[in-house]
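Rule-based calculations on the coordinates, nothing more; no lab input. These numbers come from a predicted model, not from an experiment. Cβ placement follows ideal geometry from the backbone for every residue including glycine, while neighbour counts extend to all protein chains displayed.
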Amino acid sequence: MKTILLAEDTEELRELMENALTNEGFKVIAAKNGMEALRLFKAFPEIMAVVTDLEMPMMNGIQLVKEIRDMDTLTPIIMWSGADDPKISGINFLPKSVGSKPVAKILANLFKEAA
C-alpha cells in the first residue's frame, strides 16, 4: 500500500480527499497545515507522495514544497488548490474544482511510471 501525505487546512476537504484516496487503495497521513505536514514528512520515511493545498496557515504550500525539495527531490508532489497555479517546476497542479478523483488518478499513474 502506497503512503500519501495530505496537507489541507479545511477539515471537510481534508476528510473528503483522505476518504477518496483511501478508497483508491492509498494509506493517507493527514496534516492540518504546512508545518505539521513537514514534521510528518520527516517522521514517516514511507511517504511516497505529497498532496498539498497552496494556502494554509503557519506554512503555505509553496514553503512546504521548498522544504521538502531541500530534503528530497524525487517524491512526487501534487498541489490541489482553489488558488491559481503557482507554476512550480516539477509539481503537478490541479484546481480543487476538479474534485478528488483526478488526484487519485495522477498518483496511480505516477506510481505506475515508477514501477
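Report, in debye and to the nearest 20, how large the dipole of the chain comes out about its Cα centre when Lys and Arg carry +1 and Asp and Glu carry -1 on their Cβ. Numbers along the way, then the final one.
Working: 13 positive and 17 negative charges, 71 e Å.
Value, rounded to 20: 340 debye.
Add +1 for every Lys or Arg and -1 for every Asp or Glu among the other residues with Cβ under 11 Å from the Cβ of ILE4, and state the total.
On the way: positive: LYS2, LYS27; negative: GLU18, GLU24, GLU46.
Local net charge: -1.
Multiplying the sequence separation of ILE88 and THR10 by 0.36 nm and subtracting their Cα-Cα distance, what value in nm do you get?
Working: separation 78, 0.36 × 78 = 28.08 nm, distance 2.26 nm.
In short, 25.8 nm is gained.
Take ALA108 and PHE44, extend 7 Å from each Cα along the Cα→Cβ direction, and tell me the distance between the two endpoints in nm.
The modelled label-to-label distance comes out at 2.1 nm.
Please report, to two decimal places, log10 I(q)/I(0) for segment 1-110 at q = 0.20 Å⁻¹ as given by the Debye formula with identical point scatterers on the Cα atoms and no solvent.
-1.01
For segment 5-82, with the dipole built from +1 on Lys and Arg beta-carbon atoms and -1 on Asp and Glu ones, taken about the Cα centre, which of MET48, GLY61, ASN19 lies farthest toward the positive end?
MET48
Go through 44-55, 19-30 and give me the packing order, highest mean Cβ count within 10 Å leading. Intermediate values should be presented prior to the final figure.
Numbers: 44-55: 19.3, 19-30: 16.0.
The most tightly packed comes first, giving 44-55, 19-30.
Give the relative contact order (percent, whole number) for segment 3-114; include only Cα pairs under 8 Å separated by 6+ residues. Provide the component values of the computation, followed by the final result.
Details: 179 pairs, mean separation 27.0, N = 112.
RCO, segment 3-114: 24 percent.
Would you check segment 3-114 for Lys pairs whose C-alpha atoms are within less than 17 Å, ignoring same-chain pairs closer than 8 in sequence, and give me the count?
For segment 3-114, qualifying lysine pairs total 11.
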